[in-house]
Amino acid sequence: IIVKPDLNGIHAFAFLWEKAARLVGMTEATISHSGDDDDFHKMPTALVIAFPDASKDMILNFVEMVSWMTENLPARGDHGVYLHASLIASTEVDIPAVRLERIQQYAEVSAEQNDMERQEKVVNTRTRKWVKRILVEQGICPFTRSDRMSGQGLTDLGIEPGSIAYHASFQDHPIGLFADTWRAISQMTKAGPNGREGVSSILLAAPAFDDDFDFWAGPVFALLEAGVVAAQAEAQVGVVCFHPKYATPDGTTWPGFGHMHSVPRLEKWFKEYTESNDSPSISELTTQQIAAGGAWQRRTPHATINVLRANQLELAESRRQSAKLYTENIEKLVGRNGIGNYKLTSDLEFERQLGNDS
């Protein structure tokens, strides 16, 4: 039994995912019966975690997310169901608690897989190169003016620039991925938004999900957004979806928060801005070209979670003119005098291969 007083919200949620991942062997560090890190073979098959200062709703939402994974997510690779979670209800002591039970052990990570520091540097270099090429040099994000800092241009609104925190997760199941993601979010909130140690935003790349955009954009991001709500963190962070095979939503269904605006909306903005400015420099683009222009703004070397501070996101939304910004971005990327699909594809593939010869 582990009792964690003084933990609630983001930090409690990060702790839950970390212990869940360790219990099923998705991280190298593991949990002994005393709750300390120990050798994997001393791990219990079940664990009880109590949060005296956390909300019962947060624990219940975590349980529901794990249960949904168990019941609905297909096996990935050779791996199937891992974990059962249940809320512990007590009529005597009103302390929110969860019981985690390992159903199936995750495949142990081999030593030759685990040159993690080198791999993480390679992946983070790829993401950083993309930030510089697309966000900075092309000005796709007006509030990111270097590959090290973001949040520029909002000083008059009380927002100081802060560092971009680059992370990489090599997990191939949402339990492990969420452990890495919520750990990064917890670190970000502890660091604060600015100053020498401040973090303005997170870019966490997850290469294991590169070949499955539908799974990434659908279940993974739906669960991630549900986690933000469960941790009662909507006022603190927002999450944004990036992927090497990103496809702009077609507008027939709502893809959820964190996605590019739909093709019909981008097309409407493009048409309105073109007509109102009567500019010959703006191309006449087809629906397919506008969809591609939207997608290229979200195509990163790897499947990537972008975490932004909610207040910065809100102020940035109020500052920018969406019709102008997205029309100009699409024009830069796929317009008559734009970069073009061929060059965008080759540049992205070059970034994806960086470090493979080292």
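In region 85-110, how many residues are closer than 21 Å to residue 44 by Cβ and either assigned to a loop (DSSP other than H, G, I, E, B) or at pLDDT below 90 (or both)?
Total meeting the criteria: 12.
Is it the case that region 174-188 has a residue that's closer than 24 Å to residue 53 by Cβ, under 11 Å from the mean Cα position of the chain (by Cα) and of a type in the set (A, V, I, L, M)?
Scanning region 174-188 turns up at least one residue that is closer than 24 Å to residue 53 by Cβ, under 11 Å from the mean Cα position of the chain (by Cα) and of a type in the set (A, V, I, L, M).
Quick check, is residue 339 in contact with a strand residue (DSSP E or B) (Cβ under 9 Å, 6 or more places away or on another chain), crowded, with 16+ Cβ neighbours inside 10 Å and touching a residue at least 60 places away in the same chain (Cβ under 8 Å)?
no
Need pairs with beta-carbon distance below 7 Å; first residue within 10 Å of residue 309 (Cβ to Cβ) and within region 182-193, second open to solvent by 20 Å² or more (accessible area, probe 1.4 Å) and of a type in the set (S, T, N, Q); sequence gap 6+ or separate chains.
189/236
On the given criteria, is residue 165 at pLDDT 95 or above, open to solvent by 10 Å² or more (accessible area, probe 1.4 Å), farther than 23 Å from residue 329 by Cα and not in a loop (DSSP other than H, G, I, E, B)?
yes
If I filter region 273-304 down to residues being open to solvent by 30 Å² or more (accessible area, probe 1.4 Å), out of contact with any Asp or Glu (no Cβ under 7 Å at 6 or more places or on another chain) and in a helix (DSSP H, G or I), which single residue comes out as modelled with the lowest pLDDT?
My answer is 277.
Give region 322-344 a look and list any residue that's farther than 14 Å from residue 286 by Cβ and of a type in the set (Val, Ile, Thr), or say none.
Correct list: 327, 339.
If residue 141 passes every condition in (1) in a strand (DSSP E or B); (2) in contact with a helix residue (DSSP H, G or I) (Cβ under 6 Å, 6 or more places away or on another chain) but one, which one does it miss?
Result: residue 141 fails condition (1) only.
Pick from region 137-147 the residues that are farther than 18 Å from residue 322 by Cβ and surrounded by fewer than 16 Cβ atoms within 10 Å (Cβ to Cβ): which of them is nearest to the chain's Cα centre (by Cα)?
146
State which residue is most open to solvent (accessible area, probe 1.4 Å) when the search covers only region 124-136 and only residues that are under 21 Å from residue 345 (Cβ atoms) and out of contact with any helix residue (DSSP H, G or I) (no Cβ under 7 Å at 6 or more places or on another chain).
132
Counting only residues that are free of Cβ contacts under 8 Å to residues at least 24 places away in the same chain and hydrophobic (A, V, I, L, M, F, W, C), which one in region 194-247 is most open to solvent (accessible area, probe 1.4 Å)?
215
Looking only at region 62-84, how many residues end up being open to solvent by 50 Å² or more (accessible area, probe 1.4 Å) and at pLDDT 65 or above?
Total meeting the criteria: 5.
The values are calculated or read from the model by the stated rules, or taken from the named source; none is laboratory data. Fair warning: this is a prediction, and the values are worked out from it, not measured in the lab. Virtual Cβ from ideal backbone geometry, glycine too; neighbours counted across all protein chains shown. Note: areas computed on protein heavy atoms with side chains; ligands, DNA, RNA excluded. Shrake-Rupley method; radii C 1.70, N 1.55, O 1.52, S 1.80 Å.
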